[in-house]
Each structure stands twice: as structure tokens, then as C-alpha cells.
1. With a 10 Å cut-off between alpha carbons and a GNM built on the chain, which of S231, S149, S206 moves the most?
2. What helices does the chain have that are whole DSSP H segments, at least 20 Å long along their own axis by Cα, and with mean Kyte-Doolittle hydropathy of -1.0 or more?
3. Computed on alpha carbon atoms, what radius of gyration and Dmax characterise region 335-418, expressed in Å?
4. Order these peptides, 127-136, 304-313, by their mean beta-carbon neighbour count within 10 angstrom, highest first.
5. Name the shape class, rounded, prolate or oblate, that the alpha-carbon gyration tensor gives for region 113-194, where a ≥ b ≥ c are the square roots of its eigenvalues, rounded holds for a/c under 1.5, and otherwise prolate holds if a/b is larger than b/c and oblate otherwise.
6. Of W378, W244, how do they rank once you tally other Cβ atoms within 10 Å and put the fewest first?
7. Among the trypsin sites (Lys or Arg not before Pro) within region 200-259, which fall in a DSSP loop and have no more than 13 other Cβ atoms within 10 Å of their own Cβ?
8. Taking θ = phi - 60°, what integer Hz values does the Karplus form 6.51 cos²θ - 1.76 cosθ + 1.60 yield along region 202-216, in sequence order, with x for Gly and Pro?
Amino acid sequence: MPTLPDNLTIRRARDSDLPEIAKMHFASYPGISMTLEDRISHFRDDPRISLEDNWVCERTDRLVGIFALYSFQMYRAGSLIPIGGIGRVAVTPEARLEKIAYWLMVKAVQIMDQNGTPISLLHPFRHSFYYNLGWGLAEQVRFYRISPSDIPVYPERAKMKPVVTNEDMEEVMACYHRFAALRNGLLVRDDPVWYEHILKNNLIYSFRSSDTGEVEGYIIYQYQTDPKEQSFTVSNLAVREIIWTTNRALKGILGFLSSQRDQIMAIEYNDHFELPLEHLLKDSLMVDGKRSMMLGAETAIIGSGLMGRIIQLRRVLGAGKLGNGNGRVTLNIKDDLNPENSIPLTIEIEDGKVSFPSRKSASISLSTNIATFSSIYWGALSLKDAVFFGKVEIEGKGDRSFLKEVFTFPRSVCLDYF
Ligand SMILES: CC(C)(COP(=O)(O)OP(=O)(O)OC[C@H]1O[C@@H](n2cnc3c(N)ncnc32)[C@H](O)[C@@H]1OP(=O)(O)O)[C@@H](O)C(=O)NCCC(=O)NCCS
């Protein structure tokens, strides 16, 4: 594990740090419209994280950096895994390009390792920076700008109702939970997260089936006026989240969006679910999109989303289930920040369940770095592609076909921003 230079101290934030923290945050996140006082309250009262779970870097009596370490729980294959969310990474303008952010992340990995947090997640400012530190791409997002009139007016929209009462809201939360429990990657949300972060300044409509009475899906969105438009009514509709547990709920939500066509110019939607919307839309051209012979119609913009990192390799492998398959392999995973992960690890897989045999060798070995292995774990990169791109090397004699099966994971989805 790299050792922190003597002139740096990274410690938990305290109340007396708040003025300096607010200035650092102000200089680093000018796009967030908050005054210095707002930023102080944000750090002091955020229901998702206490002030002490923010870590500051001190150099000769001045703060030069900060990061927040959220303690989340992630749904994966029907169980919950503790996951460290990293956010608010910031370095004072005068201390940049001096590896302060690097040392902050070294410390973050150390803390998560000591706390027994086996995995981590973050929204990167630059993917290559975090890749070098062991975080790998964890998902893919497609950004759509859809004209509502390109969506069919499904009659199921008649079941869409505004969420008004606390009971309605509880049912929406239960719907999210049912949906998340069947997937990999979504985060557990408690009430303050729902009310302070997900719903703040947003509207919410849910789809309730008439036969079961259950909320089977919902949409959270907000209106965004377009500076070019002079009208009081016309705007864009920015979707924060769509969740559906039945096909009819998805049709209800889409039909609801379609019915907004006389007011809404464009529906902006970041799709994490690989919905084949090009087949659904009347015209697969996004609003303001281009057509060309080579591209056809510009339908969506592809984004590489957030990044995940395995912090404790052995624990992650031992706790969860891999894809179905049987075999034995030695993993050589390079991890500069947590050398424990770099120790060759022989695993025996039986129907996807992992054990650690006492004879620590196998005829097949798989070598890669922790960032690439993390991308595979999050289902964002297939083993086949990783080998093709030269990111994974498989060596040794014997049948290696089981590797593709055991290291194939469903794509992960995360809809939280932090
Ligand atoms: C992004 C931010 C945190 C980076 O902080 P930093 O302390 O300057 O980062 P580092 O010095 O550790 O590393 C930045 C790059 O400079 C390089 N670097 C470090 N010292 C260097 C030097 N002396 N000369 C040249 N390059 C150097 C690092 O190697 C790294 O590049 P790499 O990704 O190619 O390896 C800082 O610019 C910031 O606060 N930005 C605004 C807020 C923000 O974007 N936060 C991140 C949210 S996820």
C-alpha cells in the first residue's frame, strides 16, 4: 500500500473545518447554485452522510483536499453488499497537479478496506484518472431527446396517477425495492434519500393496476424551460427515473409521456436499461439530431456512466455467486492501491459457488488489473472482449471454456447520484 507523504494528513472533517470546506467546494463545484452558507449547511445536515464521513487533507495547517465516503448498500443477485460511494472530491486551486487527489483516493481505499467495505462506486470527473487507481467502467448510459409525438399513445396511460399521499409514496418506494432486488447495482434508499434527493423539485406519477391494486411502475421528472422558447407553457421534460415491474406499467409511463406532446418539445431521458427505443419510436431521430448516410439517424448519445472498484477481492468472490460453471483458476489481479488483492488467488468454482482450495495452484491462470476485473464484475465488459482488447490474459493448458460462463454477469444499473 503506498505510504502517505509526511507533510500530508488525511483525517475526518470537523465542525471547525466548515468555512474552509465550503470555500474548497465553491471553487471546485461552481456549477452547483449554492452560496457559501448553503454549502456549510449541505455538509452539516445532509441526511445521506454525516460531516465526519467527509475526509479532509491537511498540508501545513491548511486544508487542500476533501472527499466524502458514503456507506451505501447495493443490491446484487438477491442480496445486499456494503459499498463505499465516493463523492465531493475536491482539491484547492493552488494545490492541483500535486497528487493530492491521488492520495485522497489511496486513503479512501485504505478506509474501505479497514471498514470491511468490499466494493466502491463513484461518478468520475475523468475516467482515466480513476482507471489508473483501480476503478473500472461499471455501466453504459444512453441519452435520448425524444419528441413525445414519436411515442405511441398507449391506452395504459389511463392508469397513471399523481403520487400525492404518504401511502402512495410508500408504495412507490416498495415498487423500487421489488425492482431493485431482482437486479444488480441499484442502491438501497431510506426515507431521507427519497425525500431530500430523489423527489426534491420533481414530480412523480405512478401506474397502479386495477386488478392487483399494486403500484407497478412510476416516473419521476421535472420541467425544464428552454431559453430559446418565449412561451409560458412549452418546455422540455427531464426524466429523473423510470421504474417498471410489468410491461403494462412501462406502456402506461410511455403513453403518459406521449400525451404531453402539445406542451413538451423534448423528453430527455438517460436510459440505463438498454431499452430498444429506436424500434418503438415513430421516427428514430432524436430532437435536433442529424441524419447521414453513414449513421442513419442520430437516435441517442452513448455515455460511459459511473465506475466501480473491488476493494476486497477475496471477500467479493467468496460472498457472491459467479455465473454457472465449474473449474479451477488462479487469478493474478494487479492492484497498486491494495496489494492484498495482488496476491495470486486460486479459486475453485462449482456451479458458480466459489471456494478457496488449500492447494494454491491451477492449470489455468487469468491475469488482469483490478479496474478491468471490476468492469467484468459489474457486467460492463465481457471476458471475451477483455481478452480481445488485451486487457485480460489467460494462460495454461486445459479446458478454459468454463471461464466465460463463470465470469459472465448481468449488466449493473445504478440510478443514484452522489
Ligand atoms: C479533479 C481534481 C480533484 C484533481 O485533483 P489533483 O490533486 O489536481 O489531482 P492529481 O494531482 O492527483 O492528479 C491529476 C492528474 O495530474 C497528474 N499530475 C500530478 N502531479 C503532476 C505534475 N507534477 N505534473 C504533471 N502532472 C501531474 C496526475 O498523474 C493526474 O493525471 P493522470 O490521471 O493522467 O494520472 C481537481 O482538479 C478538482 O478539485 N477539480 C474540480 C472538482 C472535481 O472535478 N472533482 C472530481 C469529482 S469526481
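1. Looking only at S231, S149, S206, the biggest GNM fluctuation is shown by S231.
2. Helices meeting the span and hydropathy rule in the chain are 100-115, 166-181.
3. Over region 335-418's Cα set, Rg and Dmax evaluate to 14.0, 45 Å.
4. The packing order, highest mean first, is 304-313, 127-136.
5. oblate
6. Sorted ascending by nearby Cβ count, the order is W244, W378.
7. Within region 200-259, the qualifying trypsin sites (Lys or Arg not before Pro) (loop, at most 13 other Cβ atoms within 10 Å) are K200, K228.
8. 10, 9, 9, 10, 10, 9, 10, 6, 7, 7, 8, x, 8, 6, 10
Every read-out reported here was derived from the displayed coordinates using simple, explicitly stated rules and does not represent laboratory data. Not measured: the values here are computed from a predicted model. Positions of Cβ are generated from backbone atoms using ideal geometry, with glycine treated the same way; all protein chains shown enter the neighbour counts.
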